[in-house]
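As structure tokens, the structure follows; a few thoughts come after it.
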Amino acid sequence: MPSRKYADGEMVMGRWPGSVLYYEVQVASYDDVTHLYTVKYKDGTELALKESDIRSQSSFKHRKSQSSSSSPSRRSSSRSRSRSPGRPGKGRRRSASQSREQKNDKKKTIQETSIALPPVLVLFKPSENNTKRYNGEPESTEKNDTSCIVLEHKLKPDLEVKRVLEQYSLRSRKDEKKKEEIYSEKKVFTTVKTVEKAPSKTKELEFGGRIGTFMLMLFLPATVLYLLLMCKQDDPSLMNFPPLPALESLWETRVFGIFLLWFLLQAVFYMLPIGKVVEGLPLSTGKKLQYRINGFYAFIFTATVVGILLYFQFELHYLYDHFMQFAVSAAAFSLALSIYLYVRSLKAPEEELAPGGNSGYFIYDFFTGHELNPRIGSFDLKYFCELRPGLIGWVVVNLAMLLAEMKIHNLSVPSLSMILVNSFQLLYVVDALWNEEAVLTTMDITHDGFGFMLAFGDLVWVPFVYSLQAFYLVGHPTEISWPVAAAITIVNCVGYYIFRSANSQKNNFRRNPADPKLANLKFIPTATGKGLLVTGWWGFVRHPNYLGDIIMALAWSLPCGFNHILPYFYVIYFICLLVHREARDEHHCKQKYGLAWERYCQRVPYRIFPYIY
């Protein structure tokens, strides 16, 4: 593999595609596979150039000194004066003719740069700076201005393109054959920000590939069933395997109907025309989807409905009595939803497929999700399931467990352990709904498709596994003292502070890096135009939000005591999940940011746990 010639950050001279003009650029990164340099012009434009189209600044300085001492025009004028010293009129006519020829050559060069290279149209504004840089002679850095306008064919109306063409009196060539030849020679030049790429086939398979995803589709429902059966036992130790229930006892049509009613109720709240509408991050096509932010309102409406039901003495502990049937109903619904999502994805355009779920293998794409943002009209199915039915349902399940504990143990008030678990997890859910807009920057929305993995996780795993501590405390009450409760509360507050402040730093920086409130944050620039934070929480460890998550998960389990390991399953699961996601993020970021990510890893060596991992 050939070694690279220019280092990242080096100032060089780069040739603009389709022209002979060279401009001062900075090397941003180098792709070892395509052997292309990503360079950044002073106006912010980023291009991928071959090494043969990049020259060092020193070679241009030497060339400029030679041309200034003996330029062609100066030599020709001196020859005309020596040949005919007594015929000044003829000399002037020849000089004027040469001057017109030079102007025509310059105009021809500028017009050649206006050749359309799909999908962008590059137009150079005829200016003094352009003519002074003709023939590769750079101006001083103070006057270095590309004076170019980049118009995207697919994002700009035709009238706008026509207006700009008329404004600068520029026309594309009529000879289409010659245009195709020129384009074939220059096709290696692509802009990083404006080129529209269709998603390629997924080559690197996660979760063990086809066999691994198939096993996960069996293992995840079995795990939920096992955990719930264990919590029902008097001795929920790992060695005491629970007896399997009769299949007919796992299904009840009435329970499935209640689950459907709950799902539809949340869908109605989602479609209410309240809350602001925001745009998500740009897709591969450059398009931005719109999302209505009203999750917190949906939570308030749900709390009102639950309050009305309790006022009319609806037995909410019905959830506890039929908890297993509710879990089976949610699993059946998530499977049916996954089948629908995969079938509809077969007709989706190529650019709407998920980059991680387009392998061509049925099992793998079915599990990870084939379509990135499946929508029915403006109803975004993935975004809706991400925060609504499962997350709000988690709070309702916890409340049902609290009421069941009071009824079963004849308590006038719930136990302190149950209050802590409900309070900590309620804070987590309310925080997620209050900061709903932040979910638009997560990999679940921007990268992962909507398939069985997210459908099962959102509708089954979140409400029925995340509520494991509350479900455990109903059958295994644990008494804790107030000092212990205060210590556990401090642990949860520390985890929440790290989680929230780290996520806020990241989301605010992604939305508006120029925000004056973020002026104290330092970052490493990347070829994508984004920056990697190296101060604040993101300069402490690479994934501080994961660190906060794990600390909070520990605080949720501590009120259950230490008699059994079962309540700490969530902590163990969370550590395994976040370590997997961290490794996945590392691989994704290394591919996306290249050498900038390697510099970031050298600057921030610890991944999740400081001084440990």
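A few comments on the model shown:
- Gain in span if fully extended, LYS288 to GLU204, counting 0.36 nm per residue against the direct Cα distance: 27.6 nm
- Violating pairs (Cα-Cα greater than 30 angstrom) within the set LYS5/LYS592; LYS522/LYS590; LYS347/LYS530; LYS5/LYS517; LYS40/LYS287: LYS347/LYS530; LYS5/LYS517
- Anisotropy class of the range 201-479 from Cα gyration tensor, a/c 1.5 cut: oblate
- Remark: the range 589-594, residue by residue, has Karplus-estimated 3J(HN,Hα) of 5, 5, 5, 7, 9, x Hz, where x stands for each Gly or Pro and the curve is 6.51 cos²θ - 1.76 cosθ + 1.60 at θ = phi - 60°.
- Think of a 1.4 Å ball rolled over the protein heavy atoms: the range 201-479 then has 45 Å² of accessible area per residue.
- Rolling a 1.4 angstrom probe over the protein heavy atoms with all chains in place gives the range 10-57 an accessible area of 37 Å² per residue.
- Counting only protein heavy atoms and a probe of 1.4 Å, the accessible surface of the range 10-57 is 48% carbon and sulfur.
- Portion, in percent, of the accessible area of the range 466-613 that falls on carbon or sulfur, probe 1.4 Å: 64 percent
- The shape of the range 238-316 comes out oblate: with a ≥ b ≥ c from the C-alpha gyration tensor, a/c is at least 1.5 while a/b does not beat b/c.
- Per-residue SASA entry for CYS589, accessible area with 1.4 Å probe, Å² rounded to 10: 20 Å²
- Close amide H partners of TYR30, meaning residues 5 or more places away or on another chain with modelled amide H under 5 Å apart, are THR38, LEU595.
- Accessible area per residue for the range 480-612, computed on protein heavy atoms with a 1.4 Å probe, is 50 Å².
- Student exercise, the range 199-313 dipole from Lys, Arg, Asp, Glu Cβ charges, in Debye to nearest 20: 680 debye
- Ligands, DNA and RNA aside, TYR342 has an accessible area near 40 Å² when probed at 1.4 Å.
- Compared with the alpha-carbon gap, the fully stretched path from PHE241 to GLU586 is longer by 120.4 nm at 0.36 nm per residue.
- A full extension of the chain between THR304 and ILE363 corresponds to an added length of 17.1 nm, given 0.36 nm per residue minus the alpha carbon distance.
- Think of the range 201-479 as having a plus end and a minus end, set by charges on the Cβ of Lys, Arg, Asp and Glu; of VAL462, GLY208, LEU381, LEU381 sits farthest toward the positive end of this dipole.
- For the range 211-256, the square roots a ≥ b ≥ c of the C-alpha gyration tensor eigenvalues yield an a/c of 1.5 or more together with a/b not exceeding b/c, which makes the shape oblate.
- Remark: the range 451-457, residue by residue, has Karplus-estimated 3J(HN,Hα) of x, 4, 4, 6, 5, 5, x Hz, where x stands for each Gly or Pro and the curve is 6.51 cos²θ - 1.76 cosθ + 1.60 at θ = phi - 60°.
- Distance-filtered residues of the range 414-446 - backbone nitrogen under 13 Å, label point 7 angstrom along LYS530 Cα→Cβ: 440-446
- Accessible carbon and sulfur surface of the range 269-339 relative to its total accessible area, %, 1.4 Å: 67 percent
- Ranked by the mean number of other Cβ atoms within 10 Å of their residues, highest first, the peptides 398-404, 280-286 come out as 398-404, 280-286.
- Percent of C-alpha pairs per 5 Å bin, the range 10-57, short to long: 5, 25, 36, 25, 8, 1
- Per-residue SASA remark: PHE424, around 20 Å² accessible (1.4 Å probe; ligands, DNA and RNA not included).
- Each Lys and Arg contributes +1 and each Asp and Glu -1, all at the Cβ; summed about the Cα centre of the range 480-612, the dipole is approximately 520 debye.
- Simple spin-label estimate for VAL20 and LYS517 in nanometres, 7 Å along Cα-Cβ: 5.4 nm
The values are calculated or read from the model by the stated rules, or taken from the named source; none is laboratory data. Just so we're clear, the structure is a prediction, and the values are computed from it rather than from any experiment. Because the Cβ atoms are built from the backbone with ideal geometry, glycine has one as well, and the counts that use them run over all protein chains shown. Please note that ligands, DNA and RNA were not included when accessible areas were found on the heavy atoms of the full protein model with its side chains. Shrake-Rupley method; radii C 1.70, N 1.55, O 1.52, S 1.80 Å.
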